[in-house]
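Heads up, the thing below is written out as structure tokens.
The values are calculated or read from the model by the stated rules, or taken from the named source; none is laboratory data. These numbers were taken from a predicted model, which means no experiment stands behind them. Cβ placement follows ideal geometry from the backbone for every residue including glycine, while neighbour counts extend to all protein chains displayed.
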Number of protein chains: 2
Amino acid sequence: MHDRISDETELIQAYLAPLAAAGALGLADDAALVSVEPDSELVVSTDPIRAGVHFFPDDDPRDIAWKALAVNVSDLIAKGAVPIGYTMALALPEAPLKSWMKAFSAGLGAAQAAFGCELFGGDCDRADGPLSIAITAFGSVPRGRFVQRTTARAGDHVFITGTIGDAALGLKLRQRGDVYGAAVSPGHADALIQRYLRPAPNLKAIDIVRRFATAALDVSDGLIQDAARLARGAKSALVIPAAAVPLSAAALSVVESHPAAIQTVVSGGDDFEVLFAVAPETVPGMRAAAHACSLPVHLLGILAPGDGVILTGASGQPMALETTGYDHFRGT
Amino acid sequence: MHDRISDETELIQAYLAPLAAAGALGLADDAALVSVEPDSELVVSTDPIRAGVHFFPDDDPRDIAWKALAVNVSDLIAKGAVPIGYTMALALPEAPLKSWMKAFSAGLGAAQAAFGCELFGGDCDRADGPLSIAITAFGSVPRGRFVQRTTARAGDHVFITGTIGDAALGLKLRQRGDVYGAAVSPGHADALIQRYLRPAPNLKAIDIVRRFATAALDVSDGLIQDAARLARGAKSALVIPAAAVPLSAAALSVVESHPAAIQTVVSGGDDFEVLFAVAPETVPGMRAAAHACSLPVHLLGILAPGDGVILTGASGQPMALETTGYDHFRGT
């Protein structure tokens, strides 16, 4: 039960090779082959996660592995790309327990199955510092159909998939057991923490983004900050009524009992939903298509001449924000 | 002079965006586009480097950046792939000095120019632990022409490009100023240390590997260990006379004055040369082609029935090896 893995070959062959794509040659080569259809382009994204920053060292290894892949798949989806696979560089502070590695590879396998992609290669080092998982994900998009984040225009309607704030509230619960001292029912607490541990980017958004989005990005660093990126790219301003931010039942109960929690909701990040702009004339078609595939989409606001993003309260007054989102570099 | 970089946006826009490929959209998106010719396949490789393992924290940032890209390009070359570009995940223990980041990006720029590739995206985090640079490199190979490491056969001749052992001897010099107490002239010492600091995978090998290799890999973990991988893939044995291992003038002078240094030469790693097998009937053609493009190639031995790799001394006796090479995981 408490055996540790003895070398890199064992780690790769026993735990990772079963996850490998055909082009990865059983992970027994220095590189792997990715085939791209002739009428498609490859989309690449790199988003590493590290213990103490993006997850807790004692999180379930199934969840850590899932999150490592999910945060990268989220970037692909927001560009309209279908996931193909990924490479992974693992930096482990010590030789892992076999039981840990078994659970980690099971979590990766579950995420691969959920997101439709395979392992194309990687590297495992023992290194000082926190556990780090650096995944580079590949997806494919029909030639010329990659959706940028800077190509929306004033007048476009801005939508968000799913619900916002669950993961950020879940993180607070995971860190200290409460959110601003507010009472959270066990069922709601569990739902929020699960969103933090197992982000669930929605593959259904790929088709909607490809067909209708004038610009898109995933919300990972906080809704307000990511909305500001979309608005800046469109050289436009965006007013988001707080009431337009879609909340899960769990998040709604927290915000109702403690209104200041909206700050965490709109700036906490880790949502991994897609924020996208749609030209007004195609909004009805987009809504119908999203409804047809059961993808929840919510209107946040309309891009207008100007700049900046403002969150407004019930009477339309701008709300002061403590922070707009996460800076990877400052850590705040 | 001692200003530090204040946030991720400054780091990316001021220092990395000038290195970006067109498909990387100025590094202002979550993902990038890689175009692959319809008759080509994409080759991917991931090889991170970390302070304290692959370089010294006080190495010149130009050299650190160069090495981070070079070790990945080396994998592509050995597969017969032409480098296209790379993504990079930087984990920095503290906000870097602007002067450090300027030198680092200059080193990356020099390596990009030397190897013909561009930056397609990345991620910068501040994280506890040593400086880590995780690069995933992309190359292209004509469809069906990727060269594996396991496809040689008994009877094939095994060649190596360039010279072996320089970087490993350079590392010893960098660590403690001497190699086994042997006197090394300043000129030779500098040459060896430079090979450690600035590995120089040779793009000329791409065409030779594509046209003639039955199997190939780069030598990064030690010649004997990497030769054993080639031999194992061929279900064959390989006898390498120590005298057949090509040495630079600097390495030769060290080995002549201290014969035990051959241990470091054949197992030290960091060579980033290409080890490849050639069917006997195509050896003359390969030699002519290598000569025509000024690629130095040297015969190490011939794959024979059996298994394992043996290094032999002047009278043909097997030499005992202290270690066969580097295990990333055990660190020995």
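Going residue by residue through region A:194-208, is there one that turns out to be free of Cβ contacts under 8 Å to residues at least 40 places away in the same chain and of a type in the set (Asp, Glu)?
Looking for residues that are free of Cβ contacts under 8 Å to residues at least 40 places away in the same chain and of a type in the set (Asp, Glu), one finds none in region A:194-208, hence no.
Residue B:15 versus (1) of a type in the set (Ser, Thr, Tyr); (2) within 16 Å of residue B:108 (Cβ to Cβ); (3) buried (at least 24 other Cβ atoms within 10 Å of the Cβ): which is the lone unmet condition?
(3) is the only condition that residue B:15 fails.
Take residue A:266 and tell me if it is within 20 Å of the chain's Cα centre (by Cα) and part of a helix (DSSP H, G or I).
yes
Among (1) closer than 30 Å to residue A:53 by Cα; (2) surrounded by fewer than 22 Cβ atoms within 10 Å (Cβ to Cβ), which single condition is residue B:133 missing?
Evaluating residue B:133 over (1) closer than 30 Å to residue A:53 by Cα; (2) surrounded by fewer than 22 Cβ atoms within 10 Å (Cβ to Cβ) leaves (2) as the failure.
For region B:37-48, which positions are more than 7 Å from every other protein chain (Cβ to nearest Cβ) and buried (at least 24 other Cβ atoms within 10 Å of the Cβ)?
Across region B:37-48, there are no qualifying residues.
Considering only region A:233-249, I want to know if a residue exists there that is at negative phi, within 14 Å of chain B (Cβ to nearest Cβ) and assigned to a helix (DSSP H, G or I).
Within region A:233-249, one or more residues are at negative phi, within 14 Å of chain B (Cβ to nearest Cβ) and assigned to a helix (DSSP H, G or I).
Please enumerate the residues belonging to region B:77-102 that are touching a His at 6+ places or on another chain (Cβ under 8 Å) and not small (Gly, Ala, Ser).
Passing the criteria: only B:97.
Looking at region B:46-70, I want the residues that are not assigned by TED's automatic domain parsing to the domain that holds residue B:270 and have a partner that is in a strand (DSSP E or B) and charged (D, E, K, R) with Cβ atoms under 7 Å, at least 6 apart or on another chain. Which pairs are those?
B:46/A:123; B:47/A:123; B:48/A:123; B:48/A:125; B:50/A:125; B:53/A:125
Looking at (1) over 18 Å from residue A:204 (Cβ atoms); (2) outside any strand (DSSP E or B); (3) touching a residue at least 60 places away in the same chain (Cβ under 8 Å), which one does residue A:315 not meet, given that it meets all the others?
Every condition holds for residue A:315 apart from (3).
Got at least one residue in region B:119-126 being more than 10 Å from every other protein chain (Cβ to nearest Cβ) and not charged (D, E, K, R)?
Among the residues of region B:119-126, at least one is more than 10 Å from every other protein chain (Cβ to nearest Cβ) and not charged (D, E, K, R), which makes the answer yes.
Which pairs turn up if I take residues in region A:174-187 that are within 18 Å of residue A:59 (Cα to Cα) and look for partners that are in a helix (DSSP H, G or I) and not hydroxyl-bearing (Ser, Thr, Tyr) with beta carbon separation below 7 Å, at least 6 apart in sequence or on another chain?
If the second residue must be in a helix (DSSP H, G or I) and not hydroxyl-bearing (Ser, Thr, Tyr), the pairs left are A:174/A:193.
Taking region A:54-82, which residues are within 13 Å of another protein chain (Cβ to nearest Cβ) and in a helix (DSSP H, G or I)?
Result: A:68, A:71, A:72, A:73, A:74, A:75, A:76, A:77, A:78.
So, in region B:10-36, exactly how many residues are outside any helix (DSSP H, G or I) and either more than 9 Å from chain A (Cβ to nearest Cβ) or hydroxyl-bearing (Ser, Thr, Tyr) (or both)?
Residues meeting the conditions: 3.
Inspect region B:261-272 for any residue being of a type in the set (Asp, Glu) and out of contact with any helix residue (DSSP H, G or I) (no Cβ under 7 Å at 6 or more places or on another chain) and give the result as yes or no.
no
When residue B:143 is evaluated against the numbered criteria (1) in contact with a strand residue (DSSP E or B) (Cβ under 9 Å, 6 or more places away or on another chain); (2) surrounded by fewer than 20 Cβ atoms within 10 Å (Cβ to Cβ); (3) away from chain A (no Cβ under 11 Å); (4) under 27 Å from residue A:35 (Cα atoms), which criterion, by number, is the only one it fails?
Status for residue B:143: all satisfied but (3).
Please count how many residues of region B:138-165 are over 30 Å from residue B:119 (Cβ atoms) and assigned to a loop (DSSP other than H, G, I, E, B).
Of the residues in that region, 10 qualify.
Residue-by-condition table, conditions (1) over 14 Å from residue A:164 (Cα atoms); (2) out of contact with any Lys or Arg (no Cβ under 7 Å at 6 or more places or on another chain); (3) surrounded by 17 or more Cβ atoms within 10 Å (Cβ to Cβ):
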residue: A:256; (1), (2), (3): yes, yes, no
residue: A:262; (1), (2), (3): no, yes, yes
residue: A:269; (1), (2), (3): no, yes, yes
residue: A:273; (1), (2), (3): no, yes, yes
residue: A:285; (1), (2), (3): yes, yes, no
residue: A:291; (1), (2), (3): yes, yes, no
residue: A:296; (1), (2), (3): no, yes, no
residue: A:306; (1), (2), (3): yes, yes, no
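What number of residues within region A:83-110 satisfy the criterion of being away from every other protein chain (no Cβ under 12 Å), within 17 Å of the chain's Cα centre (by Cα) and crowded, with 23+ Cβ neighbours inside 10 Å?
Selection size over region A:83-110: 1.
Can you find even one residue in region B:71-80 that is surrounded by fewer than 22 Cβ atoms within 10 Å (Cβ to Cβ) and either within 20 Å of residue B:204 (Cα to Cα) or among the small types (Gly, Ala, Ser) (or both)?
Within region B:71-80, not a single residue is surrounded by fewer than 22 Cβ atoms within 10 Å (Cβ to Cβ) and either within 20 Å of residue B:204 (Cα to Cα) or among the small types (Gly, Ala, Ser) (or both).
Each row is one residue, and each column tells you yes or no for (1) in the same structural domain as residue A:281 (by TED's automatic domain parsing); (2) over 17 Å from residue A:268 (Cα atoms); (3) at pLDDT below 95.
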position	(1), (2), (3)
A:130	no, yes, yes
A:162	yes, no, no
A:172	yes, no, yes
A:178	yes, no, yes
A:184	yes, yes, yes
A:201	yes, no, no
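Given the criteria on the phi > 0 side of the Ramachandran plot and more than 10 Å from every other protein chain (Cβ to nearest Cβ), does residue B:170 qualify?
no
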